[in-house]
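The values are calculated or read from the model by the stated rules, or taken from the named source; none is laboratory data. Quantities reported herein were computed from a predicted structural model and do not represent experimental measurements. Reconstructed Cβ throughout: ideal geometry from the backbone, glycine too, with neighbour counts over all protein chains shown.
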Amino acid sequence: MGEGRRWWGRGAAIGSTVSILFALSGCGVDGSGVSLDTTAPHTATSEAASPLASVEVACREPFINPIGGATTDQQGGGFVQAVIPPESPHGDASIWVLTREGCGAETLIVLVGSLERISIDDDTVVPGQLVTITAGGFDPEGGASVYLDGDPRDAANLAPQIGGAEADAQGSVVVSVRIPDDVSPGAHYLVLSGDSFDGTSDLGLVVQITVG
């Protein structure tokens, strides 16, 4: 495929590692060899002493900042891990794979403060127990509320709010809630609901619990 071809990538968190597999042929880039994996958080940039192909990110064109490099093999292929700069603004971003000759290709991603995720410190609980939920992907400094066996976005399945907290500057939330004393034994779920990272849509993350 020719230079300048675009592919949509997945969402990436600020400061996380982006893994890119690329295949270069002459002065072109084969898009079938481009893939993204942004699940591993990282804090340091990747460097190569004499890269044949450099990896650069443009968070707001025309500002392009090198964030890593690699050396291609004899077939023009390569693999590099680079880190999204912590100072990058949220929103649409472009990652470029560029050769020394200036040829390359672009993949588009969305930069968020934190990836969508949720976990609980104990999923086998008893009535009255205090549990802590950790989550990400919410609107930075926006509110997030916890519901038991219900979702405020579903008018047919409403439930009372049992807790809430404010997200930090990266959209991460840590909230402690107490399991109601009158909850019945068996399988239940907790919903953490709030605005998504850009504040334009709702985000509801679910964690399963078992009440003994």
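Would segment 149-168 turn up any residue that is without any contact (Cβ under 8 Å) to a residue 12 or more places away in the chain and among the polar types (S, T, N, Q)? Yes: one or more hits.
Specify which of the listed residues (97, 173) is buried (at least 20 other Cβ atoms within 10 Å of the Cβ), over 20 Å from the mean Cα position of the chain (by Cα) and under 30 Å from residue 17 (Cα atoms).
Criteria check complete, one pass: 97.
Pick from segment 184-200 the residues that are among the hydroxyl-bearing types (Ser, Thr, Tyr) and either assigned to a strand (DSSP E or B) or touching a residue at least 12 places away in the same chain (Cβ under 8 Å) (or both): which of them is farthest from residue 159 (Cα to Cα)? Here the residue is 196.
Looking at segment 179-187, can you tell me whether even one residue there is farther than 25 Å from residue 88 by Cβ, at pLDDT 95 or above, under 27 Å from the mean Cα position of the chain (by Cα) and not acidic (Asp, Glu)? No. Which residue out of 155, 159, 135, 144 is over 17 Å from the mean Cα position of the chain (by Cα) and not in a loop (DSSP other than H, G, I, E, B)? The unique qualifying residue is 144.
Applying the condition of being more than 25 Å from residue 203 (Cα to Cα) and crowded, with 17+ Cβ neighbours inside 10 Å to segment 73-94 and asking which residue is modelled with the lowest pLDDT yields 76.
Confirm whether residue 203 is in a strand (DSSP E or B), farther than 30 Å from residue 71 by Cα, of a type outside the set (S, T, N, Q) and outside the structural domain of residue 67 (by TED's automatic domain parsing). Here the answer is yes, as residue 203 does meet what is asked.
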